[in-house]
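Have a look at the structure below, then the notes.
Nothing in this text is a laboratory measurement; each read-out follows from the coordinates by a stated rule. Given the structure is predicted, the values throughout are model-derived calculations rather than measurements. Here the Cβ positions follow ideal geometry from the backbone for every residue, glycine too, while neighbour counts run over all protein chains shown.
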Amino acid sequence: MAEQNHPVPCSCDCFVALPPATAPRAVIFGKNSDRPKDEVQEVVFFPAAIYARGAKLKCTYIEVEQAEKTHAVILSRPAWLWGAEMGANEHGVCIGNEGVWTKEPVGEEEALLGMDLVRLGLERGSSAHEALQVITALLEHYGQGGSCKEEPTPFIYHNTFLLADRTEAWVLETAGQYWAAQRIREGTRNISNQLSIGTDVTAEHAGLRGHARSQGWWSGDGEFNFSEVFSLTHQPVRMEAAKARFCAGKELLQQYAGCITAETIMGILRDKASGICVDSEGFCTTGSMVSILPQDPALPCVHFFTATPDPSRSVFKPFVFVANVTPVHKAMSPSFGDEDPVKKVPRFQSKVDRRHQLYRAHEAALELMETNQEQGQKLQQTMQELERQGLEAMKELLAGGIALDPKELADLLFDCVDTEIKFYE
C-alpha cells in the first residue's frame, strides 16, 4: 500500500486507572475528545429501550440490525452524527475511541464510524468485555469507514478504543476489519492516536496473523507484535507527536500511581504542556469526560462531562444513572431533520449552526476571559468553585455521607448546566 501523509488531528487521549493505582476502591476513566475547532459537542441521554425482532437501526451512514434491548446511555458526541466520542451506560461501562492510521488502507466506502461503534458497544454491552465483543462482531460484519468530519472533503481513519467497567479495562485496536485486544486488570493504561498493543494480546481477530503473513508484514517467525506489524513504517510527522503525547500521559499516570482520583484525571486532561489538552489552529479539545466506577456494586457510578471546549476553562458536571432522568436540552444541539447536511447526498455541502445554549454561554465567557483579565479571573474562580461543589457532593454520595433523593439525582446534570449558564450570564 502506498503510505500517505494523512491529515492527522493533533491529539486524542483516553486514560484509565484501576486499583491499586487509584485512591478510592474504584476504576477511574477519562477522555479528551479532540476534534475540529468549530465542531460542537453535545451531551445527550437515551433511556433503555425494547425493539421488535428484526428491527433496523440507522447509524450515521448505514443501517444495521437493531438489538432487541438497549441499555440507557449518556453520550458526549459531535452534534452532527449518530454515535459518540465517549460515554457510559447504566451498567457502569465506559468507552472512548481514537483515530489511527495503519498499513491497512482506510475504506472510502461508507460503513460504521468508530464513533458509531462506541455507542453500539454502550447500548448493547453490560460489561467492558461484552461491549468489546459487540464492537468486534459489528466491525467484522459491517466494517468501518466514511468521513469522520463535517466537511465535503473526506477525512477517514480506523479506530482504537478504551473500554472500562467496575472491575477491569480493555484496549481494542483495529486495522480495517482486523483487531487485537488487551485486558487490563490493575494499574494504569492510556491510548493516543497510535497502535500500542505489542505482544500482550489477550484476544484477536481469527484471521489477524494470517492476513499479516499474506501481506508480507510478518514472517510468522518469533513472537507476534501487533503494533510493530500493523503500524505504518514511515509515520507522518503529527503521528510522531502522538508518541510523545502517549509517553507524557503514561508518565503522568505513573507519577500519581497509588493516589489517582477523579481530580487527578481532570488535571491530566487539562495539561496543555504535554499536548493532552489541545488548542491548536485547526483542532481543539471539544469535550471531556471523567468517570468514577466504584468496585462496590452498591455504590453508583458517577460520570462528569464538560459539554464545552477546553477543559482548562470548562466545568466538569456530574451525572448519575437513575430512573426518569431529566433531559438536558441546554446541552443538546438543535435538530435539522432531513435538511441536515449529513443526511443529504452529496454530504456536507452546507453548514448549519449546531451550538446549544450552554455552548453559546461558554463561548461568550471565553471571550470575556480573553478581553477582560480581571473579570475573566473572577469568572474562572466561579467556574472552579462550581466544579468543586459538584465534586464534593459526589464524594459524599460515594462515601455514604449524604443521601440524595431520586428526583435530585435525576435533575443533577440539568441543574448543574442551568447553574453554569446563569453564572455566565
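Here are the numbers for this structure:
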| quantity | calculated |
| --- | --- |
| Cross-link table Lys69/Lys243; Lys31/Lys330; Lys344/Lys407; Lys69/Lys250; Lys250/Lys330, entries beyond 32 Å C-alpha to C-alpha | Lys69/Lys243; Lys344/Lys407; Lys69/Lys250; Lys250/Lys330 |
| Check: the chain dipole with +1 on Lys, Arg Cβ and -1 on Asp, Glu Cβ, in debye | 240 |
| Label point distance in nm, Ser312-Ala403, each placed 7 Å from Cα along Cα→Cβ | 4.4 |
| Zero-based 20 Å bins, Cα pair distances in the chain, whole percents | 27, 60, 12, 0 |
| In sequence order, calculated HN-Hα J values of the range 16-31 (Karplus, 6.51, -1.76, 1.60; Hz; x Gly/Pro) | 9, 10, 10, x, x, 6, 9, 6, x, 7, 7, 8, 10, 10, x, 8 |
| Sorted peptide list for 366-377, 131-142, 200-211, 405-416, criterion being average Cβ within 10 angstrom, highest first | 131-142, 405-416, 200-211, 366-377 |
| Efficiency of FRET between Gln133 and Glu363 - r from beta-carbon atoms, R0 45 angstrom, step 0.05 | 0.65 |
| Nearest-0.05 FRET efficiency for Ser335 and Arg213, computed from C-beta distance (R0 51 Å) | 0.60 |
| Residue-span extension gain [Glu370 to Phe423] - 0.36 nm each, minus C-alpha spacing | 17.4 nm |
| Thr202 versus Lys272: modelled label distance in nm, points set 7 Å from Cα along the beta carbon direction | 3.7 |
| Net charge over other residues, Cβ less than 11 angstrom from the Cβ of Gly176 (K, R count +1; D, E count -1) | -1 |
| Stokes-Einstein D (µm²/s) once Rh is taken as the Kirkwood radius of the range 141-297 over alpha-carbon pairs, at 37 °C in 0.692 mPa s | 185 |
| Estimated FRET transfer efficiency when R0 is 35 angstrom, pair Glu186-Glu151 (beta carbons, to 0.05) | 0.25 |
| Ranked by how many other beta carbons lie within 10 Å on average, peptides 191-198, 47-54, 390-397, 358-365 from highest | 191-198, 358-365, 390-397, 47-54 |
| 37 °C / 0.692 mPa s Stokes-Einstein diffusion coefficient of the range 92-182, Kirkwood radius on C-alpha pairs, µm²/s | 252 |
| Val27 long-range amide H proximity, modeled H, under 5 Å | Leu293, Gln295 |
| Stretchable slack from Gln295 to Ala49, in nm (0.36 nm times residue separation minus alpha-carbon distance) | 85.9 nm |
| Over the range 46-201, equivalent-ellipsoid semi-axes from the Cα gyration tensor in Å | 22, 21, 13 |
| The range 54-174: relative contact order in percent, alpha carbon pairs under 8 Å with at least 6 residues between | 26 |
| Contour excess over end-to-end distance, with Cα ends at Leu57 and Lys69 and 0.36 nm allotted per residue | 3.1 nm |
